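Have a look at the structure below, then the notes.
The values are calculated or read from the model by the stated rules, or taken from the named source; none is laboratory data. Bear in mind the structure is a predicted one, so any value in this text is a computation, not a measurement. With ideal geometry, Cβ positions are generated from the backbone for all residues, glycine too; neighbour counts draw on all protein chains shown. Heavy atoms of the whole protein, side chains included, go into the accessibility calculation; ligands, DNA and RNA do not. Shrake-Rupley method; radii C 1.70, N 1.55, O 1.52, S 1.80 Å.
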Amino acid sequence: MPTRRRHLPVIAAMALAAVTGTANAAPHAYGTSPKSLSAADPASARADFDGDGYSDVAIGAPGGTINGKAGAGYIAVDYGMAEGPNGVKRQLVSQNRYGIPGTAETGDRFGAHLTAADLDSDGFTDLVVSSPGEDIGDAQDVGRYTILWGGVGGLGAATATVQGTSPTRAGDFDGDGHLDLVTGDRVLYGPFDRTSGPARTNALAGADARLYAMASGDLDRDGITDLVASSSPSPTAVPRLRLFRGTHDGLVPGAAIAAPDTAAVDSVGLGDIDGDGRQDVVFGRSTSGPGGLVGAVRGTPDGLASRATLLSQDSLDVPGTGESGDRFGSDVAVGDIDHDGHADIVTGVPGEDVGTTQDAGMFVVLKGGPAGLTGAGAQAFTQNTAEVPGTAEADDRFGGSTAVLDGYVVVGAPGENTGSGSVWVFPGTATGITADGSVSFGPGTLAAPTTGAQLGAALHR
C-alpha cells in the first residue's frame, strides 16, 4: 500500500479534506503558469480548473462503484497547491453528483478518457469526460461525452454532448480563434455554450472505424491545430498513424505518417524533442517487438520525416530488458520536465516484472536533446525504487497511465491494491525527475469509493 513521503500541512488537510477549490492563491513559482490549449501548443496536461494559478490534475476511476453500481465510474480532481498536486485539495465527481447529466449505472465507466481545455474561453479550464459504457435509450454501450465547466470554485456545471467511445482532443482546428473538440468520428467546433454546446458539429472526414489514440498540435506552424490519429477500419485490422491537417475549413485527411514504422500505435503525443522549433510525433507501440517500442518522427522544414526512430528496452541506455508483456510504450506523455528547451518523454511499462513480482510495473523517462530520441540519460522508477512510496506488488500495473504537468510527472497504477488504484506525483528538477519528495494517494486518501475503482486508469490530456 502506498504511503506519503512528504508531510502535508495539517491545517490545510483539515480544511480541505472534502472538497473543491476555495480561496484563490498566488501563482506558482515552479514553472510557467497553467494555460489553456491553443493552436500553437501540442496537446498538454496543463489545466487550471479553478483559475488560482496552480496546475490541477483530473484522474479517472472508471471502475468505481457508485451507489452499488459496479463500474459506473467517477473522477477525482486534485487541485494544485504551492507544493504541487498532492491529493489534499480535492473533488469527486460522478453522474450522481453536481447535477451531472445522466445517472450512475453499472458499466458506464465514467472517467475512462479525459481532455482538458478552455472550451468556452472564460479563462477557466474545462474537462471533457468520456463514459464509453453509457446506454442512450435502447442503444447499449454507445458512450457519451460530458463537459464539466471550470469556474472560481472548480468544476461545477455540466453539459452532455454527443455519443462516442473514443478519446477526445482539443485544438483550434479551423483557425477561427475558438477551441474545438474532436472525437473518433466528428468535430465539435467552437465557440461552446454551456447550454447549447458547440456552435456546429461536422463528421470527421476520412476517419476509420476504430480510433486508438490522438494528439493535437500545430505541426506545420500555420497557426491552425492539426491532428495525429492512430486508427483502423475494423477491430481486427492493424491501426496506422495518419495526419489530419487543420485548415480554415476544418480538419481534412492527410497522408500516413512514417508508414513503415507506425503500425500498431496505441499511444501518441507531440513535442519538440530535438529543440529545433518544430513538433515531433512521439508514439508507443506497447504490443510490438520483444516487449514494446517507443518511436519519434521528427518534424522538418519539409514536413514530418519519412521514417521514425524506434527504441525498445534492448536499445542502448534504455533501462530494462525487452520481455513479452512488458508493454513498454504504454500511454506516452510529452513535456519539458527539466526546462532545457527539449521535450522529454514519459512512458509506462505496466507489465514489467520487478524481481519475481509479476506485472508490478515501471515507468521510464527518455530525455530530449539535439539528437532527438535516444536512451541517453534515461531514468526508470518502480515502487521499489528508493524514496518512491509503496511496494511493488503483483498486478499493480504501475505506469499504466502517465502525464507531464508544469514541473511534475504524474503516474497511475490502476491495479494497485487489487484494483483500487493509486496515483504518484514526482517533482521535476534541472536533471530530470526525482523520487525525493514524491507523494502518492489512492481512493482511501481521497475519501472515494475503493473496491475495483482503478483510480489512475486515465489522466487528463
Residue count, region 169-189, condition surrounded by fewer than 24 Cβ atoms within 10 Å (Cβ to Cβ) and hydroxyl-bearing (Ser, Thr, Tyr), comes to 1
Of all residues in region 53-81, which are assigned to a loop (DSSP other than H, G, I, E, B) and buried (at least 24 other Cβ atoms within 10 Å of the Cβ)? Tyr54, Ser55, Asp56, Pro62, Gly63, Gly64, Ala72, Gly73, Tyr79, Gly80
Exception for Asn202 within (1) in a loop (DSSP other than H, G, I, E, B); (2) touching a residue at least 40 places away in the same chain (Cβ under 8 Å); (3) open to solvent by 10 Å² or more (accessible area, probe 1.4 Å); (4) farther than 21 Å from Gly111 by Cβ falls at (1)
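Please go through region 292-302 and give me each residue that is out of contact with any strand residue (DSSP E or B) (no Cβ under 9 Å at 6 or more places or on another chain) and either of a type outside the set (Ser, Thr, Tyr) or surrounded by 14 or more Cβ atoms within 10 Å (Cβ to Cβ) (or both), ordered by number.
So the first thing to find is which residues in region 292-302 are out of contact with any strand residue (DSSP E or B) (no Cβ under 9 Å at 6 or more places or on another chain), and the list is 300-302.
Pro301, Asp302 - these are the residues of region 292-302 that are out of contact with any strand residue (DSSP E or B) (no Cβ under 9 Å at 6 or more places or on another chain) and either of a type outside the set (Ser, Thr, Tyr) or surrounded by 14 or more Cβ atoms within 10 Å (Cβ to Cβ) (or both).
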Here are the criteria: (1) open to solvent by 40 Å² or more (accessible area, probe 1.4 Å); (2) more than 15 Å from Val334 (Cα to Cα); (3) in contact with an Asp or Glu (Cβ under 8 Å, 6 or more places away or on another chain); (4) not in a strand (DSSP E or B). Tell me which single one Ala259 does not satisfy. (3)
If you check Thr309, Thr287, Thr382, which single one turns out to be within 23 Å of Val439 (Cβ to Cβ), among the hydroxyl-bearing types (Ser, Thr, Tyr) and more than 19 Å from the chain's Cα centre (by Cα)? Thr382
Subset tally (residues that are of a type in the set (A, V, I, L, M, F, W, C) and buried (at least 23 other Cβ atoms within 10 Å of the Cβ)) for region 305-342: 7
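How about region 82-143: which strands (runs of 3 or more DSSP E) wholly inside it have at least 1 residues that are open to solvent by 50 Å² or more (accessible area, probe 1.4 Å) and at pLDDT below 95?
Numbers: elements: 90-93, 113-117, 126-131.
In region 82-143, there are no strands (runs of 3 or more DSSP E) which contain 1 or more residues that are open to solvent by 50 Å² or more (accessible area, probe 1.4 Å) and at pLDDT below 95.
Out of the residues in region 242-256 that are part of a strand (DSSP E or B) and charged (D, E, K, R), state the one that is surrounded by the most Cβ atoms within 10 Å (Cβ to Cβ).
Going residue by residue through region 242-256, those that are part of a strand (DSSP E or B) are 242-247, 250-256.
Now narrow it down to the ones that are charged (D, E, K, R): 242, 245.
Details: Arg242: 21, Arg245: 18.
Selected residue: Arg242.
Identify the residue in region 205-238 that is assigned to a loop (DSSP other than H, G, I, E, B) and under 20 Å from the mean Cα position of the chain (by Cα) and, among all such residues, is surrounded by the most Cβ atoms within 10 Å (Cβ to Cβ).
Thr225
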Among Glu387, Glu352, which is free of Cβ contacts under 8 Å to residues at least 60 places away in the same chain, more than 20 Å from the chain's Cα centre (by Cα) and either buried (at least 24 other Cβ atoms within 10 Å of the Cβ) or in a loop (DSSP other than H, G, I, E, B) (or both)? Glu352
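Please find, within region 262-282, the residue that is nearest to Leu304 (Cα to Cα) out of those that are free of Cβ contacts under 8 Å to residues at least 60 places away in the same chain and open to solvent by less than 10 Å² (accessible area, probe 1.4 Å). Talk me through it step by step, then tell me what you get.
Going through region 262-282, the residues free of Cβ contacts under 8 Å to residues at least 60 places away in the same chain turn out to be 262-265, 276-278.
Imposing the further condition that a residue be open to solvent by less than 10 Å² (accessible area, probe 1.4 Å) reduces the set to 262, 265.
Working: Thr262: 13, Val265: 17 Å.
Residue satisfying both the conditions and the ranking: Thr262.
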Applying the selection to region 305-329, what residues are farther than 25 Å from Leu219 by Cβ and not in a loop (DSSP other than H, G, I, E, B)? none
